[in-house]
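The values are calculated or read from the model by the stated rules, or taken from the named source; none is laboratory data. Since the structure is predicted, the reported quantities are computational estimates derived from the model, not experimental observations. All Cβ positions, glycine included, derive from the backbone under ideal geometry; neighbour counts span all protein chains shown. Remember, those area values only see protein heavy atoms, side chains included, never the ligands or the DNA or RNA. Shrake-Rupley method; radii C 1.70, N 1.55, O 1.52, S 1.80 Å.
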Amino acid sequence: MSSSLKFDIDDFRHAVSQYATGIVVVAGVENGSLVGFAAQSFVSLSLDPPLVLFCPQKSSTSWPRIRAGFNYGINILGAEHSDISEAFAVVGAVPDMSWKPSNHSGVPILDESIAFLDCSHLAEHEAGDHTIVVSTVNGVLVRRAHDSPLIYLRGKYGTFVDSN
């Protein structure tokens with residue numbers, strides 16, 4: 001006997017909002033200028049080889065511009081950076097943000113990020129209204145290992161409190 005759960009999109013959104021995620025900014029360079037977007041769909045995928053994945057919306061105007069450069073950076077935001085997340089969440093806008101090029105590929109390291117991954121494009125997979133992007137990690141930089149990351153839970157920003 002099969003049982004099916006019935007729900008609407010609001011029920012689904014409410015259910016998945018119970019899972020906390022971190023916030024990153026995926027950033028690249030286009031004609032010498034910063035381009036990027038905020039993402040909460042980001043995970044480490046493999047240690048050997050080092051791979052990560054993130055999921056831009058199919059409607060993203062930034063992702064095609066970043067992808068064209070093949071290399072990009074994943075900037076992990078700290079607890080005090082909800083304003084940066086919000087600035088990079090505005091469709092079609094690129095915030096005036098201080099950054100420096102990475103030593104490996106020259107992609108943007110945001111001055112405020114607590115950690116950074118220098119990545120190259122490996123694969124994409126269509127998935128509903130998003131694209132799953134798999135990336136090879138070519139370099140890492142942990143700048144503030146003891147700072148709390150920016151967390152998103154139940155539609156709000158928060159932080160992680162270490163219980164140790």
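Data for the structure
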quantity: All positions within the range 6-29 that are within 30 Å of Pro108 (Cα to Cα) and loosely packed, with under 14 Cβ neighbours inside 10 Å; calculated: Tyr19, Ala20
quantity: Tally of residues being modelled with pLDDT of 95 or more and either within 20 Å of Asp111 (Cα to Cα) or open to solvent by 10 Å² or more (accessible area, probe 1.4 Å) (or both) across the range 48-63; calculated: 6
quantity: Selection count where residues are open to solvent by less than 30 Å² (accessible area, probe 1.4 Å) and out of contact with any His (no Cβ under 9 Å at 6 or more places or on another chain), scope the range 67-86; calculated: 8
quantity: Strands (runs of 3 or more DSSP E) (entirely within the range 62-162) containing at least 2 residues that are β-branched (Val, Ile, Thr) and touching a residue at least 24 places away in the same chain (Cβ under 8 Å); calculated: 71-76, 130-142
quantity: Residue list for the range 1-24, restricted to those being within 11 Å of the chain's Cα centre (by Cα) and either without any contact (Cβ under 8 Å) to a residue 12 or more places away in the chain or over 17 Å from His121 (Cβ atoms) (or both); calculated: Thr21, Gly22, Ile23
quantity: Residues that are part of a strand (DSSP E or B) and in contact with a helix residue (DSSP H, G or I) (Cβ under 8 Å, 6 or more places away or on another chain), drawn from the range 15-56; calculated: Val25, Val26, Ala27, Gly28, Glu30, Val35, Gly36, Phe37, Ala38
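A quick yes/no check of all residues on (1) at positive phi; (2) crowded, with 16+ Cβ neighbours inside 10 Å; (3) among the β-branched types (Val, Ile, Thr):
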residue	(1), (2), (3)
Leu122	no, no, no
His125	no, no, no
Val133	no, yes, yes
Val142	no, no, yes
Ala145	no, no, no
Ser148	no, no, no
Tyr152	no, yes, no
